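Data block below; observations after.
Each value in this text was obtained by applying a stated rule to the coordinates, not by laboratory testing. Just so it is clear, the structure is predicted and the values come from calculations on it, not from any experiment. With ideal geometry, Cβ positions are generated from the backbone for all residues, glycine too; neighbour counts draw on all protein chains shown.
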Amino acid sequence: MSKEARLAVVLNDEAQRKFDECVAALTALRYGPEGPPKDTTFAEIEEFGHEVGRMLGRAVDQQLTNQHAEQFQGAATCPTCQSACDPKPTPLEREIQTSDGPVPIHEPVCRCSVCNRDFFPSAFGVED
Ligand SMILES: [Zn+2]
């Protein structure tokens, strides 16, 4: 599968309906049910649309990152010494910076008693 094919977002009928409802709710919040006033510039409309896009991007990042992290609840192998390590009882709450702004995430953390270090078993190239 090409990268473009993997990144394409195709909505089914139900998802499209919910998306349309979400857009209508957001635009009504900003400009009311009648839409923008006469003196609104396209730049103002575009700026709002861009900010909504960034908000959606952060929400998608947060949901998928947290769902992905839930798959790493058990013991994990230390990346340094290869020992099996148990996760700490509470996931770490932290904020990662994305191109759309900060995204709060909850990540399981394992403690390696051999190396005396913590590591994120779900880490997949997220740098902070
Ligand atoms: Zn280790």
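Quick look at the values:
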{"quantity": "Residue-count net charge about VAL23 - beta-carbon cut-off 14 Å; Lys, Arg +1, Asp, Glu -1", "calculated": "0"}
{"quantity": "Contact order relative to length of the chain, as percent, for alpha carbon pairs under 8 angstrom and 6 or more apart", "calculated": "18"}
{"quantity": "Charge-dipole axis of segment 33-91 as Lys and Arg at +1 and Asp and Glu at -1 on Cβ define it, positive-most pick from ALA69, GLY49, CYS81", "calculated": "CYS81"}
{"quantity": "Length added when fully stretched, ARG117-LEU29, from 0.36 nm per residue minus Cα-Cα", "calculated": "27.0 nm"}
{"quantity": "Test item: Cα-centred dipole of segment 64-125, Lys/Arg +1 and Asp/Glu -1 on Cβ, debye", "calculated": "240"}
{"quantity": "Size-normalised alpha-carbon gyration radius of the chain, reference 2.2 N^0.38 Å", "calculated": "1.47"}
{"quantity": "On Cα atoms only, tilt of 42-69 relative to the major axis of the chain in degrees", "calculated": "30"}
{"quantity": "Environment charge of ILE105, counting only residues whose C-beta is closer than 9 Å and scoring Lys/Arg +1, Asp/Glu -1", "calculated": "-3"}
{"quantity": "The chain, helix-only ellipticity at 222 nm - DSSP H runs n ≥ 4, -39,500 (n - 2.57), divided by all residues, nearest 500", "calculated": "-13500 deg cm²/dmol"}
{"quantity": "Degrees separating the helix 13-31 axis from the principal Cα axis of the chain, which is the longest one", "calculated": "70"}
{"quantity": "Antiparallel bridge percentage (DSSP; both residues within the chain; nearest 5)", "calculated": "100"}
{"quantity": "Dipole in debye (nearest 20) - the chain, about Cα centre, beta carbon charges: Lys, Arg +1; Asp, Glu -1", "calculated": "480"}
{"quantity": "Selection from VAL103, ALA8, PRO91 lying farthest towards where the dipole of the chain points positive, charges on Cβ", "calculated": "PRO91"}
